[in-house]
Amino acid sequence: KKANNVENEDRATRFAEIIEKVISMMWKLDEAGYNDTAPDMFMYTTAIKAWTNTKCSSSVDRAERLLKQLKQKAARHPQKENLDPDVAVYNAFLFAIAKQPESVDAAERAGSIVKFLEESDHLNPDVIWY
């Protein structure tokens, strides 16, 4: 049974890595002029959730990097639809933090996200935030 757990953890990590690579390839295609190939907020949410499902020690860092990338891309490409992070993206990231509470700065990270969301004009808190 232990071997199956390790195998499932490896699969989850590989899946998360593959989604990150797909996002990267989609941006490269978009930048090369292939219209409508940029990943959207739903793709980023899926990738963040994928990292949440791994036991990888860097899963929260990887999820946070994806969230930051999404925010940067949304700021750089305001004309692209479905790039602004929504409640689901932040919920996925908060869940990633919650899955690794032993992280030294887990409470601080979660607190800063919740504070940002509470101060946001366009995002309304839901029960998952609390």
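The values are calculated or read from the model by the stated rules, or taken from the named source; none is laboratory data. Predicted, not measured: the structure shown is a model, and the values here were computed from it. FYI the Cβ positions are ideal-geometry reconstructions off the backbone, even for glycines, and counts take in every protein chain you see. Quick note on the areas: whole protein, heavy atoms, side chains included, nothing else; ligands and nucleic acids left out. Shrake-Rupley method; radii C 1.70, N 1.55, O 1.52, S 1.80 Å.
List of remarks:
- Residue match in the range 24-44 (condition: part of a helix (DSSP H, G or I), open to solvent by 30 Å² or more (accessible area, probe 1.4 Å) and within 19 Å of residue 117 (Cα to Cα)): yes
- Hey, residue 12 of a type outside the set (D, E, K, R) and surrounded by 13 or more Cβ atoms within 10 Å (Cβ to Cβ) or not: yes
- Residues that are within 27 Å of residue 11 (Cα to Cα), more than 9 Å from the chain's Cα centre (by Cα) and not in a helix (DSSP H, G or I) are absent from the range 106-128 altogether.
- Selected residue (criterion: surrounded by the most Cβ atoms within 10 Å (Cβ to Cβ)) from residues of the range 62-105 that are of a type in the set (D, E, K, R) and within 9 Å of the chain's Cα centre (by Cα): 62
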